[in-house]
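So the structure is just underneath, and the comments pick up after that.
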């Protein structure tokens, strides 16, 4: 147990935090601005004098402010570790409480991460690789065909294509057989040129119809109307001088507000095995022009096999990578535990 009352502890924390940020000795006037104690500079000086007598801070030279001693650092770190442990426990309690409503859970994650890291955060709803389960063609009139595509997880997409000429029921049946024979069990990345060539060869004079159906399938796979990105802490960006320039800040805030722009970062290779762990994008490595002065760290959460989403933290290039990576790893472990309990 430490020997400090709440007032002294608050002042010590403020001294250490400011010294870590600036590297300059900290005076009483600075402390009065950094805390909510509403104390006069004279009272703060007295408290600082007591902290110096107790060995937590010292004055490097006459008339200078104070800087922390090893004893002060040790107390600060011990309290910090204890606080972070409680925060993780509180985060876990909140996550479990919200787990019955996934979107509320994801929004809460974004807020907690933004508060804990002091950066901007984004969390996506879960997605999965769209594997074709079944395709059904139905003629709805002479010049239109309804294409019903059923993906794994029973996601259904409907597309209407225009026909160059009317099709008989026998031809529609033949096309149904061709499509299901070649495409069942495949995702978009597996539908290659040899497969398409064989389908068109079997379709004969109706190869253009097959081509239109394939275009409809690609469009259905790429539709992300059910995909959401929750963001929090957007204004945290403005706390960092290198990102607070009016033009840069405006572009960044617009990107965070117009969330579709973030999808190029989140969805890029989302289903690739190598992107499942912690990913760090620094400066020009991000595909988003407005984020070229930022770093983005992402991690993947998985609800069940093949169903996963992304969590991302956006900050300056000088972000605290160790803290961010550690926070994301802890969060992924907690989410993994929660989702395993639900299954």
With a point put 7 Å past each Cα toward its Cβ, work out how far residue 138 is from residue 118 in nm, to one decimal.
5.9
Label point distance in nm, residue 69-residue 247, each placed 7 Å from Cα along Cα→Cβ
5.2
How long is the gain from residue 292 to residue 228 if the chain were fully straight, where each residue apart is worth 0.36 nm and the alpha carbon distance is subtracted?
20.7 nm
Degrees between helix 6-22 axis and first principal axis of the chain (Cα, 0 to 90, nearest 10):
70
For residue 42 and residue 325, extending 7 Å from Cα along the Cα-Cβ vector and measuring point to point gives, in nm, a value of 5.2
Order of 119, 308 under a 10 Å beta carbon neighbour criterion, fewest first:
308, 119
Using a Förster distance of 56 Å, the FRET efficiency for residue 24-residue 157 (Cβ separation, nearest 0.05)
0.40
Multiply the residue gap between residue 17 and residue 257 by 0.36 nm, knock off their C-alpha separation, and tell me the result in nm, one decimal place.
83.2 nm
Which of 17, 228, 111 fluctuates most in a GNM of the chain (C-alpha springs under 10 Å)? That residue is 17
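Mind sorting 75, 146 by how few other Cβ atoms lie within 10 Å of their own Cβ, fewest first?
Values: 75 20, 146 14.
Neighbour counts put them in this order, fewest first: 146, 75.
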Determine the calculated [θ] at 222 nm for the chain from helices alone, applying -39500 (n - 2.57) to every DSSP H run no shorter than 4 residues and normalising by the residue count; nearest 500 deg cm²/dmol.
-15500 deg cm²/dmol
Residue separation between residue 198 and residue 336 times 0.36 nm, minus their alpha-carbon distance, gives in nm 45.4 nm
If packing is taken as the mean number of other Cβ atoms within 10 Å per residue, what is the order of 180-191, 289-300, highest first?
289-300, 180-191
For the Cα atoms of the chain, what angle does the longest principal axis make with the long axis of helix 70-98, in degrees from 0 to 90, nearest 10?
30
Bins of 10 Å, starting at 0 and running to the largest distance - Cα pair percent for the stretch 6-75
22, 62, 15
Using a 10 angstrom cutoff on alpha carbons, build the Gaussian network for the chain and name the most mobile of 208, 258, 52.
52
Mind checking which of 38, 116, 192 has the largest fluctuation in a GNM of the chain, springs on alpha carbons under 10 Å?
38
Would you work out the Kirkwood radius for the chain? I mean one over the mean of 1/r across all pairs of different Cα atoms, in Å.
24.4
Equivalent ellipsoid semi-axes for the stretch 130-234, as square roots of 5 times the alpha carbon gyration tensor eigenvalues: give them largest first, rounded to whole Å.
28, 16, 12
Which angle from 0 to 90°, rounded to the nearest 10, does the C-alpha axis of helix 207-222 make with the longest principal axis of the chain?
20
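All of the numbers you see were taken from the coordinates with simple rules; none came from a lab. Since the model is a prediction, treat every value here as computed from it, not as a measurement. Don't worry about glycine lacking a Cβ; one is built from the backbone with ideal geometry, like all the others, and counts go over all protein chains shown.
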